[in-house]
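Nothing in this text is a laboratory measurement; each read-out follows from the coordinates by a stated rule. These numbers were taken from a predicted model, which means no experiment stands behind them. Every residue, glycine among them, receives a Cβ derived from its backbone with ideal geometry; neighbour counts consider all protein chains shown.
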C-alpha cells in the first residue's frame with residue numbers, strides 16, 4: 001500500500017500529510033525535537049508514540065529518523081507482539097556461542113544493529129515483564145550484554161517506542177513497569193485518530209488515489225463531492241491504514257473515473273462488532289484533539 005505524501009521535496013516531515021492543527025503541531029514538534037539528538041551523546045531523549053491502530057505511528061517514527069542527524073544510520077523496526085517471548089530477548093540483545101542449545105556462534109541483537117541510528121519498538125506493551133527490566137538497564141547504561149556474555153558492548157541508539165494501549169493503565173494493573181514507562185515517555189507524542197482530523201481525510205484520500213494509480217499504471221480516479229462528504233462522515237475505526245486500503249480497493253475494482261459515496265460504502269470492509277462504530281456521522285462533528293505533544297514533568 002502506498003504511503004501518503006505531499007507534493008513537495010522539502011523537509012521529511014512533509015510526508016505527514018494534512019492541515020489539521022494536530023498534524024501541523026506534530027510536524028513542528030518533530031523539527032524541534034530532532035535538534036536535541038546528536039550522535040555519540042550520552043543524553044539521547046527517548047520517545048513514546050501513542051495512538052490507535054492504523055494512525056501511522058510507524059510513519060511518524062520513520063519521519064523522525066529521516067529528519068535528524070541519524071538519518072544516515074540504520075532504522076530498525078521491531079514489532080514486540082510478533083516475536084515469540086522465548087526468542088525476543090535473543091533477537092533484541094543478541095547471544096554468544098553456547099548461550100542456549102542452538103547458539104553455535106555469536107550473533108549481535110537488533111539493539112546493536114541499530115547503533116548510530118534508531119530502534120523502533122512497536123507494540124511495546126507486549127514486552128514481557130521479564131524483559132522490561134533489562135530494557136530499562138540498557139537504556140540507562142547505553143550498553144548491552146548479549147545472552148551468555150560477560151562483557152558489555154557500548155551502543156549509541158535512539159529508542160522510539162509505540163503503543164495503541166494506555167500504558168498508564170497497564171502500569172496501574174501491574175502489567176508494565178512504572179520506571180520503564182517514565183523513561184520511555186520522556187517525550188510523548190499522541191498520533192490522532194483520523195476521525196478527529198477533519199478535512200485531512202479528503203487530502204489523504206486524493207493522495208492515496210494518485211499514488212495507487214501510479215503504482216498500478218492506471219489513470220487516477222476522482223472523488224465526487226458527495227463522496228468527500230461520506231469520507232468525512234465515516235468514523236474510520238481502522239484510521240489511515242483503513243483509508244489507504246479502501247482507496248486501493250476502489251482503484252482496482254471501480255470501473256468508472258468518478259467515485260461516488262455508494263461505491264465507498266459498498267467497498268469498505270466493516271471491522272468486528274467490538275471495534276469502534278463504523279457508521280457514518282455528521283461531518284460537523286469533528287472534536288478537537290487535546291494536547292498533542294507533552295513532556296512529562
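FRET efficiency for residue 31 and residue 199, Cβ-Cβ distance as r, R0 = 22 Å, nearest 0.05? With a Förster radius of 22 Å, E is 0.40. Multiplying the residue separation of residue 19 and residue 179 by 0.36 nm and removing their Cα-Cα distance gives an extension gain of 54.0 nm. Counting only the Cα atoms, region 21-190 fills a convex hull of 111 Å³ per residue. Rounded to the nearest angstrom and listed largest first, the equivalent-ellipsoid semi-axes of region 198-267 from its Cα gyration tensor are 17, 13, 11.
For region 166-220, the Stokes-Einstein estimate of translational diffusion at 25 °C and a viscosity of 0.890 mPa s comes to 167 µm²/s, using the Kirkwood hydrodynamic radius over alpha-carbon pairs.
Estimated at 0.36 nm per residue, the fully extended path between residue 107 and residue 46 surpasses their Cα-Cα distance by 19.4 nm.
Label-to-label distance for residue 129 and residue 71 is 4.3 nm, based on points extended 7 Å past Cα in the beta-carbon direction. Once the C-beta distance of residue 217 and residue 11 is scaled by a Förster radius of 30 Å, the resulting FRET efficiency is 0.50 to the nearest 0.05.
Which FRET efficiency, nearest 0.05, do residue 86 and residue 168 yield, Cβ-Cβ r, R0 35 Å?
The computed FRET efficiency comes out at 0.80.
If you wrap the Cα atoms of region 108-230 in a convex hull and average its projected area over all directions, you get 11.6 nm². Placing dummy labels 7 Å off each Cα toward the beta-carbon, the span from residue 253 to residue 226 is 2.0 nm.
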